[in-house]
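Student: The structure is given below, and queries will be raised subsequently.
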Amino acid sequence: MWVLTLPVILLIMAGLGLGLGIIISSLTTKYRDLQQLVGFGAQLLMYGTPVIYPLSSIQEPWRLLILANPMTPVVEVFRLAFLGESGMHPVYLLYSFVFTFVVLLIGVLILNR
């Protein structure tokens, strides 16, 4: 059943990447030093997304912080679709969709300005 949601998950990933790409490219044309900060921030977010380690292995005080990352529900739905196990409630996928929509909207507004 979760395999059928993979096109929607791919759209969420693409939208988030497009929105963040538009925002970052618009800001780095004005602020050139932002490029180094973006590289460091991308590395930090890679460690904050549970790709290698499952979400169920994270202790409770840190779990909410990891779930604030909008890519966490996407990765967990991929894990649920292909492996059949996940430590996340599906409601967090709605958070990821809303976050993607807001980032994409902000990116388009910044690009048009």
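The values are calculated or read from the model by the stated rules, or taken from the named source; none is laboratory data. What you see is a predicted model; the values in this text were computed from it and never measured. Note that each Cβ is placed from the backbone with ideal geometry, even for glycine, and that neighbours are counted across all protein chains shown. Remember, those area values only see protein heavy atoms, side chains included, never the ligands or the DNA or RNA. Shrake-Rupley method; radii C 1.70, N 1.55, O 1.52, S 1.80 Å.
Student: Any idea which of VAL8, LEU34, PRO90 is furthest toward the positive side of the dipole for the chain, if Lys and Arg beta-carbons carry +1 and Asp and Glu beta-carbons -1?
Tutor: In the chain, that residue is LEU34.
Student: LEU64 to PHE82: extension gain in nm, 0.36 nm per residue of separation minus the Cα-Cα distance?
Tutor: Working: separation 18, 0.36 × 18 = 6.48 nm, distance 2.39 nm.
4.1 nm is the gain from fully extending LEU64 to PHE82.
Student: Can you give the charge dipole size of the chain about its Cα centre, rounded to the nearest 20 debye, using +1 on the beta carbon of Lys and Arg and -1 on the beta carbon of Asp and Glu?
Tutor: Computed charge dipole of the chain: roughly 340 debye.
Student: Between (i) 0.94; (ii) 1.15; (iii) 1.42, which matches Cα Rg over 2.2 N^0.38 Å calculated for the structure shown?
Tutor: From the options (i) 0.94; (ii) 1.15; (iii) 1.42, the structure gives (ii).
Student: What are the ³J(HN,Hα) couplings of the range 20-30, residue after residue, when phi is run through the Karplus curve with 6.51, -1.76, 1.60 and θ = phi - 60°? Round to Hz, x for glycine and proline.
Tutor: The phi angles translate into 5, x, 5, 5, 5, 5, 5, 7, 6, 6, 8 Hz.
Student: ILE106 to LEU4: extension gain in nm, 0.36 nm per residue of separation minus the Cα-Cα distance? Each step should come with its number before you reach the end.
Tutor: Values: separation 102, 0.36 × 102 = 36.72 nm, distance 2.91 nm.
Separation in residues times 0.36 nm, less the Cα-Cα distance, equals 33.8 nm.
Student: Also, I was wondering about something else. Compute the length gained on full extension between ARG113 and SER25: take 0.36 nm times their separation in residues and subtract their Cα-Cα distance, giving the result in nm to one decimal.
Tutor: Fully extending the segment from ARG113 to SER25 adds 30.4 nm.
Student: Can you put TRP2, TRP62 in order of accessible area, largest first, using a 1.4 Å probe?
Tutor: TRP62, TRP2
Student: Tell me the angle of helix 34-48 to the major Cα principal axis of the chain, expressed in degrees between 0 and 90 and rounded to the nearest ten.
Tutor: 0
Student: Along Cα→Cβ, 7 Å out, is where each label goes; now give me the distance between the ones at ASP33 and MET46 in nm to one decimal.
Tutor: 2.5
Student: Ok, one more. Within the set of other residues whose C-beta is less than 15 Å from the C-beta of ILE22, count the net charge using Lys and Arg as +1 and Asp and Glu as -1.
Tutor: +2
Student: Around SER56, under 14 Å between beta carbons, what's the net of Lys plus Arg minus Asp minus Glu among the other residues?
Tutor: -1
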